[in-house]
């Protein structure tokens, strides 16, 4: 079957449903059929987005997320009150740029149109105090984190997610964002969550607390460790939090703030320089088979570990040593490697805790089903149009693959 006919049928049935032909009453794929091979990388990415995203958005858009979504967690963790906003906020931060491309009559555009409708309805339900699925934005500490991820999504897709929302939903969104202000962030990457919420309020034309933003940005500057790495707090941690949170948030916040006041331009330029270096490091961590070091906490966010590299690609500002098609090829290898695990999903299509399949002991006490949807952050480059060189360039091996194949390469250097 050629690509045009594949997408035509996929648009009618939903990509995952087309692949398996088995869909439950919420439109969620309930088996783990092999994906159709020989698709373009973009089609493969969209098919993965569809498989992971559909259970969450179909349920929430019907006001049935709490009724439908399972909650896997460590015994005694009590994460149920947080997990639903985790799933929605983290998922949206990954697909927002793709949704922002809008609706059109292309085969992909018709698929995207369906997701835009689900996302808008889900957003309306999530912030409506009268809905059964009204989400927790301010009780406990965790809601600050995922309010920030949802805020990040609103910044990435202001036309589709904000301007296309009803006035009532817009008012409810602002109330939800502001309600998280009662949560005091920890003295680590969490200060960026407060800053991101305020940045979204500024972007959306609401009253923003600029002090929270400015304090977070200056504090992160003081935590810079060198060679493209920030500390998570005053100390260095071997993990992927520079990509899960710190550098993607810094770039977005500073991008908004430099347009608000020119004094932030130099700090943005500096943060971008550091991000370029860390992006190079991330790409070099990808082994020839698509695996990467399972280092540090929150490893069950799976390919969300490469959010920064994906964000740089989406922003069209990759470091000079990384071509867009190399990054696409490298990230596709990671996605395919992780997707090969036979028990990544439960029988109803929800993510299981793990990195390569179901590995519940890899999850910390703060990890539950909803947490896992930060994996969606790898899909940010779908916000680039299909004719962008990121998608159209020929496959290109990762730098590590080329070095270990014996090819002579330029030596790596620190900043």
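Data table
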{"item": "Test result for residue 4, under 29 Å from residue 316 (Cβ atoms), more than 23 Å from the chain's Cα centre (by Cα), modelled with pLDDT under 95 and part of a helix (DSSP H, G or I)", "result": "yes"}
{"item": "Filtered residues of the stretch 319-352 (kept if in a loop (DSSP other than H, G, I, E, B) and surrounded by fewer than 20 Cβ atoms within 10 Å (Cβ to Cβ))", "result": "319, 320, 321, 323, 340, 341, 342, 343, 346, 347, 348, 352"}
{"item": "Members of the stretch 217-244 found to be out of contact with any strand residue (DSSP E or B) (no Cβ under 9 Å at 6 or more places or on another chain), part of a helix (DSSP H, G or I) and within 19 Å of residue 296 (Cα to Cα), listed by number", "result": "243, 244"}
{"item": "Residue match in the stretch 228-237 (condition: over 16 Å from residue 311 (Cβ atoms), within 24 Å of the chain's Cα centre (by Cα), free of Cβ contacts under 8 Å to residues at least 12 places away in the same chain and surrounded by fewer than 17 Cβ atoms within 10 Å (Cβ to Cβ))", "result": "yes"}
{"item": "Every residue from the stretch 137-146 that is assigned to a loop (DSSP other than H, G, I, E, B) and surrounded by 20 or more Cβ atoms within 10 Å (Cβ to Cβ)", "result": "137, 142"}
{"item": "Pairs where the first residue, in the stretch 134-146, is on the phi > 0 side of the Ramachandran plot and in contact (Cβ under 8 Å) with a residue 24 or more places away in the chain and the second is assigned to a helix (DSSP H, G or I) and surrounded by 22 or more Cβ atoms within 10 Å (Cβ to Cβ), C-beta under 6 Å, 6+ apart", "result": "none"}
{"item": "Residue check, residue 165 in contact (Cβ under 8 Å) with a residue 12 or more places away in the chain, in contact with a helix residue (DSSP H, G or I) (Cβ under 9 Å, 6 or more places away or on another chain) and part of a helix (DSSP H, G or I)", "result": "no"}
{"item": "Every pair of residues 6+ apart whose Cβ atoms lie under 6 Å, when the first sits in the stretch 314-333 and is touching a residue at least 60 places away in the same chain (Cβ under 8 Å) while the second is surrounded by fewer than 17 Cβ atoms within 10 Å (Cβ to Cβ) and not in a loop (DSSP other than H, G, I, E, B)", "result": "324/389"}
{"item": "Residue tally, condition modelled with pLDDT of 95 or more and more than 25 Å from residue 413 (Cβ to Cβ), over the stretch 234-253", "result": "5"}
{"item": "Hits in the stretch 72-107 - residues which are surrounded by fewer than 20 Cβ atoms within 10 Å (Cβ to Cβ) and part of a helix (DSSP H, G or I)", "result": "80, 81, 100, 107"}
{"item": "Residue in the stretch 119-132 that is modelled with pLDDT under 95, surrounded by fewer than 24 Cβ atoms within 10 Å (Cβ to Cβ) and more than 30 Å from residue 221 (Cβ to Cβ) present", "result": "no"}
{"item": "Filter result (assigned to a helix (DSSP H, G or I) and surrounded by 19 or more Cβ atoms within 10 Å (Cβ to Cβ)) within the stretch 171-190", "result": "172, 173, 176, 177, 178, 180"}
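The values are calculated or read from the model by the stated rules, or taken from the named source; none is laboratory data. Keep in mind that what you see is a predicted model, and the values were worked out from it rather than measured. When we count neighbours, we look across all protein chains shown, and the Cβ atoms used for this are built from the backbone with ideal geometry, even at glycine.
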